[in-house]
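Reviewing the structure listed below.
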Amino acid sequence: MKRIISILLENESGALSRVVGLFAQRGYNIDTLTVAPTDDDTLSRLTLTTQGDDHMAEQIVKQLHKLIDTIKVVDLTVGSYIERELMLVKIKATENDIRAELKSCVEIFRGHIVDVTPQTYTVQLAGDSEKLDAFIEAVRDMGIMEVVRSGVSGISRGDKFLRV
Amino acid sequence: MELYSGGEILIRALKDAGIKNVWGYPGGAALHIYDALYRQEDVHHILVRHEQAAVHAADGYSRSTGEVGTALVTSGPGATNAITGIATAYMDSIPLVVISGQVPLTKIGQDAFQETDMVGVSRPIVKHSFLVTRAEDIAETIAKAYYIASTGRPGPVVVDIPKDVTDPSYKVPYSYPDQVKMRSYQPTDKGHRGQIKRAVKTLIQAKRPVIYAGGGVVLDNASEQLTALAQKLNFPVTNTLMGLGGYPGTDRQYLGMLGMHGTFEANTAMHHADVIFAIGARFDDRVTNDLDKFCPHATIIHVDVDPTSISKNIDAHIPIVGTCTSVLDEMNSLSEQMAIEPDAEAIAEWWVQLDQWRADKGIYTASRYEESSGNCIKPQDVIKMLYKITNGEAIITTDVGQHQMFAAQYYLFDKPRTWINSGGLGTMGFGLPAAMGCQLAFPDKAVACVTGEGSIQMNIQELSTCSQHNLPVKIINLNNAALGMVRQWQDMNYSSRYSESVYEDSLPDFVKLAEAYGHVGMKITHIDDLEEKMRECFAMKDRVVFMDIDVDRSEHVYPMQMPGGSMRDLWLNKTERT
Ligand SMILES: Cc1ncc(C[n+]2csc(CCOP(=O)(O)OP(=O)(O)O)c2C)c(N)n1
Ligand SMILES: [Mg+2]
């Protein structure tokens, strides 16, 4: 099962490498990882996605907690949550009918075309990972040149929040 | 306001952290620090002969005293030499602070001379690490390092200090923090009260209970509380390799060590238990044998200060996160408050069964090996003699191999912190430097390093440190002329093909070697000489004595769990199994 784990980390040198190292050391996979400072610049917020059963997820959360630099850790997938990922896709678009089809596809997925050349369209799309996967499938035959995904960011729904 | 250099600040901070002894080895990046050491008298430095030994010695010092051990090394090769020592301490949760010099900040990342990314290299084997970038931060970092190393589940902390941070020409004010507070690190202390209550109820209802106590009991100084609880309940106790001495080894309720080379009675009792009370132990694979076959009837209560240890290998029915001491204190007072008593009849019946197992196949009720005769000295008999001559009161360190297991089995430890061995990492070369650490801490006590001719050669250079710093440790070398434990596995699993486990007459003359270092050497080849010589050895209180004892080369360590089996599936000797 897919897990989305949110971590508040001291914004210290070496902190991120400890998180990443932990996954390598314990044989867990990282599917996506995003890191950035928060409104409080002494903190970094990480969102990390991985696969695992309940037992494994529990161990991962406990192991992350054990790192000295981590302040808070939650497995968002335990409750309800919002998941967003940003994707940029460069697609070969030389012929008019492809351009038209692509445009309508982008509209359906509520994306934007953010760059255009005679040869290419670059599309920006945000949403949960499944939506982004679906878009890729939809445009796959048109000639994808490049895909960049930001990795998942997550936040819990409702009144719960992760803060120091 | 008085001003100090980074080097001076470091030494002052060590003093203010209560550190009296530092084990180390100098080099370029650490020279400002060494110069600051030279100009003061509060912190005593012990020069070793290899950085690995500095860390093991600090580790032995810590294990025997309960204090945090400290080592100081230079950058690059000094730092990498320390790595095995750090990994050893990490696996056994030993609180250490290892300070490493680093190339100047301005050179970091340039592949400078003797540059190693120490924080990076040590990352998977430390509890935490720091790279100090300003002299102003040294004191606080040192305070944090000792706090982190010694609280929660203890472990080694690395403090990497670039050379320019200790530069004597840059001076700043000094102040040592009164207390350390970290928002990201707040170790658990007391266990959940409701869970503890459930645990006590479960224990009281048990009919075939076993207390399975590990190194956490020793580390947290919880032996008294454990002993009180066990004796109040009249429950049997088994210790892990790391937990030896946590419960008195000569007590009637003690079943001996459990696990791969544990006793028949301890392993069999675990297998049949209806309640297992695991405290400060981590269900290591050298204990459990095949996880799927582990203790099929047991309700498991698991107390550990580290939540990641709980339900990692074996699911706990009643998990309790807390220190051994606080949880046992609570259990002791609860068991008094609660009106119910354990099921005396069931427990008595259980003891009949346990005593039967002991009598049938225990290693303490009869010799389960052929006794020594003439020139065939049994390693087990050497340990029994060591026990006799030291009245069971010595601090025993070991290396790794058969000799280690014989020592664990046949020297009965009544007190915690007297059995010092590398259990988790299994580091050959640990024994001698660890013994130095113990001897420094306890100058008047007998400290013996039980070793093998293989292991002792991994840090034999420390015989020189013993001379310089007057550390009269006793070395009991069970010389079987082979990497015995390797050979045992080759006997059992590889049809006695001794691939690279023998030395072809290349062993040194250990007597001469000891003498070359200015120590006393003894060679024992006949069982009749053993007692007298060993008495002589321990009578020389201010000398290092190296007893090189030829032991039976064909001996194996038994019992031994069979791979893929349950806890009770054991080889009892070369031909007999359960
Ligand atoms: C540093 C290190 N290298 C290799 C091993 C693997 N190993 C475990 S026991 C052993 C043999 C030890 O020989 P010796 O010290 O003579 O002890 P004996 O088993 O003969 O009593 C070896 C090589 C180890 N534990 N540590
Ligand atoms: Mg040997």
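The values are calculated or read from the model by the stated rules, or taken from the named source; none is laboratory data. For clarity, every value in this text was computed on a predicted model and none was experimentally measured. Here the Cβ positions follow ideal geometry from the backbone for every residue, glycine too, while neighbour counts run over all protein chains shown. These area figures cover heavy atoms from the full protein model, side chains too; ligands, DNA and RNA do not enter into them. Shrake-Rupley method; radii C 1.70, N 1.55, O 1.52, S 1.80 Å.
So for the pair A:S104, B:K415, with labels modelled 7 Å out along Cα→Cβ, what separation do we get in nm?
That separation, rounded to one decimal, is 8.8 nm.
Can you tell me which aspartates and glutamates have their Cα less than 14 Å from the Cα of B:K388? Leave out same-chain residues fewer than eight positions away.
Within the straight-line limit of under 14 Å, B:K388 reaches these aspartates and glutamates: B:D414, B:E531, B:E532, B:E536.
With +1 on each Lys and Arg Cβ and -1 on each Asp and Glu Cβ, and nothing else charged, work out how big the dipole of the protein assembly as shown is about its Cα centre, in Debye to the nearest 20. Before the final figure, lay out the partial values.
Numbers: 71 positive and 94 negative charges, 162 e Å.
Here the size comes out at about 780 debye.
Using a 10 Å cut-off around each Cβ of peptide A:64-73, what is the average number of partner chain Cβ atoms that fall inside?
So the per-residue partner count for this stretch is 4.
In whole percent, and with a 1.4 Å probe on the protein chains, what portion of the accessible area of segment B:379-557 is carbon and sulfur?
48
Could you please report the charge total around A:S129, scoring K, R as +1 and D, E as -1 over all other residues with beta-carbon less than 12 angstrom from its beta-carbon?
-2
DSSP beta bridges in chain B, what fraction antiparallel, as a percent rounded to 5?
For chain B, the DSSP antiparallel bridge percentage is about 10.
With a 1.4 Å probe and every protein chain kept in, tell me what percent of the accessible surface of segment A:46-164 is carbon plus sulfur.
Working: 3370 of 6600 Å².
Solvent-exposed carbon and sulfur of segment A:46-164 make up 51 percent of the total.
Express in whole angstrom the spacing between the alpha-carbon centres of segment A:1-54 and segment B:234-266.
Taking the Cα centre of segment B:234-266 as reference, the centre of segment A:1-54 is 41 Å away.
Carbon and sulfur atoms: what percent of the 1.4 Å accessible area of segment B:3-173 do they account for?
On segment B:3-173, the fraction of accessible area on carbon and sulfur atoms equals 51 percent.
Using only C-alpha positions, report the orientation-averaged shadow area of the convex hull of segment B:193-361, nm², one decimal.
Working: hull surface 33.9 nm².
So the Cα hull casts an average projection of 8.5 nm².
Can you compute the equivalent ellipsoid semi-axes for chain A, i.e. the square root of 5 times each eigenvalue of the Cα gyration tensor, sorted largest first and rounded to whole Å?
35, 16, 15
Quick one: which of A:K62/B:K197; A:K103/A:K160; B:K190/B:K312; B:K361/B:K384 span more than 29 angstrom between C-alpha atoms?
Violating the 29 Å Cα-Cα cut-off are A:K103/A:K160.
Counting only other chains, what is the mean number of Cβ atoms within 10 angstrom of the Cβ of each residue in peptide A:20-33?
Mean shielding by partner chains, rounded to a whole number: 1.
Sort largest first and round to whole Å: the equivalent ellipsoid semi-axes of segment B:14-118, each the square root of five times a Cα gyration tensor eigenvalue.
Details: eigenvalues 101, 59, 23 Å².
In descending order the semi-axes read 22, 17, 11 Å.
At q = 0.05, 0.06, 0.10, 0.11 Å⁻¹, what is the base-10 log of I(q)/I(0) for the protein assembly as shown according to the Debye formula with one equal point scatterer per Cα and no solvent? Please give it to two decimals.
For the protein assembly as shown, the Cα-only Debye profile gives -0.31, -0.44, -1.06, -1.21.
At 7 Å along Cα-to-Cβ for each site, give me the label-to-label distance between B:V511 and B:M492 in nm.
My value for the distance between the label points is 3.5 nm.
Mind checking which lysines have their C-alpha under 25 Å from B:K15, skipping anything on the same chain fewer than 8 residues away?
Hits, sequence-local ones excluded: B:K127, B:K144, B:K163, B:K171, B:K181.
Excluding B:F264 itself, what net charge comes from residues whose Cβ is under 15 Å from its Cβ, given Lys and Arg +1 and Asp and Glu -1?
Residues close to B:F264 contribute a combined charge of 0.
Could you tally the net charge around B:D292, taking each other residue with its Cβ under 15 Å from the Cβ of B:D292, Lys/Arg +1 and Asp/Glu -1?
Residues near B:D292 contribute -2 overall.
Pick from A:G154, A:G79, A:G127: which is most flexible by mean-square fluctuation in a GNM of chain A where alpha carbon atoms under 10 Å apart are linked?
A:G79
Before I look further, what does the protein assembly as shown give for accessible area per residue, probe 1.4 Å, in whole square angstrom?
In whole numbers, the protein assembly as shown has 42 Å² accessible per residue.
Mind grabbing the interface size between B and A? I mean buried accessible area, both sides, 1.4 Å probe, in Å² to the nearest hundred.
Working: alone 23050 and 9580 Å², together 31010 Å².
Its buried surface, counting both partners, is about 1600 Å².
Using protein chains only (no ligands, no nucleic acids) and a 1.4 Å probe, work out which residues of segment B:179-210 have their accessible area cut by at least 10 Å² relative to the chain alone.
The answer is B:R183, B:S184, B:Y185.
Enter the Cα centre distance for the pair segment B:35-93 and segment A:139-163, rounded to the nearest angstrom.
47
Would you be so kind as to list the residues of segment B:284-318 that have their accessible area lowered by at least 10 Å² in the full protein complex compared with their chain by itself (1.4 Å probe)?
Residues passing the criterion (a loss of at least 10 Å², heavy atoms only) are B:D306, B:P307, B:T308, B:I310, B:S311, B:K312, B:D315.
Debye calculation, C-alpha points only, no solvent: report log10 I(q)/I(0) for chain B at q = 0.06, 0.08, 0.10, 0.12 Å⁻¹, in the same order as the q values.
Log10 of I(q)/I(0), two decimals: -0.32, -0.56, -0.86, -1.18.
Just the accessible area for A:T32, please: 1.4 Å probe, Å², rounded to the nearest 10?
30
For chain A, with the dipole built from +1 on Lys and Arg beta-carbon atoms and -1 on Asp and Glu ones, taken about the Cα centre, which of A:G154, A:G127, A:N11 lies farthest toward the positive end?
Ranked along the dipole, the leading option is A:N11.
Cα centroids of segment A:100-123 and segment B:466-531: how far apart, whole angstrom?
76
Provide the solvent-accessible area of B:S367, counting protein heavy atoms only and rolling a 1.4 Å probe, rounded to the nearest 10 Å².
Answer for B:S367: close to 50 Å² accessible.
Could you tell me the calculated FRET efficiency between A:A24 and A:H55, based on Cβ-Cβ distance and R0 = 25 angstrom, to the nearest 0.05?
Numbers: r = 20 Å, r/R0 = 0.79.
The formula returns an efficiency of 0.80 here.
State, to one decimal in nm², a quarter of the convex hull surface area for the C-alpha atoms of segment B:379-557, i.e. the direction-averaged projected area.
So the Cα hull casts an average projection of 9.6 nm².
If I stretch the segment between A:I155 and A:D40 completely, what's the gain in nm (0.36 nm per residue apart, minus their alpha carbon distance), one decimal?
Extra length available between A:I155 and A:D40 comes to 39.7 nm.
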